[in-house]
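The values are calculated or read from the model by the stated rules, or taken from the named source; none is laboratory data. Please read all numbers here as calculations on a predicted model, not as lab measurements. FYI the Cβ positions are ideal-geometry reconstructions off the backbone, even for glycines, and counts take in every protein chain you see.
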Amino acid sequence: MLKRLDNWPEALAAALEHVQNKPFEWGENDCCLFACNIVEAITGTDLASPFRGYKNRTEAFEVIKGYGGIGKLAESVAQEFSIPEIEPLKARRGDVFLFNNGNGETLGICRGDLVLAPGKEKLDGLPITKVLDTLRAWEIG
């Protein structure tokens, strides 16, 4: 299981502020790398190390297809890094969610009762969904 850094609340706030006005970009600020980059900021562990490096939509889809979908990618990474799956309603700030954004599965980060992820509805410049609308969650530290 991952361990959060002592200053994780500040690191989470800084990481979210850093990306709040960044546009969606494959290989930089897509849902998988968004979630992994936030987790890295609060734990120091790069969960994207097994798949980081794709540069565009085609390469991203090849990575995702290789895992069998975003949900399977998240499962695989969680297993590799010993991250426990939890009930979505038990998640806390900084935990990772899987949800359907209307175009398919996507990953996001818990911020209270909201999930932040690259998408369409925005809060402070970051796209949001509600925790109640999530499919799965993983506890980060």
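I'm checking my understanding of the structure. Among residues of region 78-89 that are part of a helix (DSSP H, G or I) and in contact (Cβ under 8 Å) with a residue 40 or more places away in the chain, which one is farthest from I140 (Cα to Cα)? Filtering region 78-89 for residues that are part of a helix (DSSP H, G or I) and in contact (Cβ under 8 Å) with a residue 40 or more places away in the chain, the one farthest from I140 (Cα to Cα) comes out as L89. Does D46 satisfy being acidic (D, E) and buried (at least 16 other Cβ atoms within 10 Å of the Cβ)? Criteria not met by D46. Is one or more of the residues making up region 2-18 outside any helix (DSSP H, G or I), at pLDDT below 95 and touching a helix residue (DSSP H, G or I) at 6+ places or on another chain (Cβ under 8 Å)? Looking for residues that are outside any helix (DSSP H, G or I), at pLDDT below 95 and touching a helix residue (DSSP H, G or I) at 6+ places or on another chain (Cβ under 8 Å), one finds at least one in region 2-18, hence yes. K65 satisfies every condition listed in (1) basic (K, R); (2) closer than 22 Å to K130 by Cα; (3) surrounded by fewer than 17 Cβ atoms within 10 Å (Cβ to Cβ) except (2). Only residues that are part of a helix (DSSP H, G or I), of a type outside the set (S, T, Y) and without any contact (Cβ under 8 Å) to a residue 40 or more places away in the chain were counted across region 51-76, and they come to 12.
Against the conditions (1) more than 23 Å from H18 (Cβ to Cβ); (2) assigned to a loop (DSSP other than H, G, I, E, B), R92 satisfies every one except (1).
The conditions of being assigned to a strand (DSSP E or B) and in contact with a Pro (Cβ under 8 Å, 6 or more places away or on another chain) are not met by F34.
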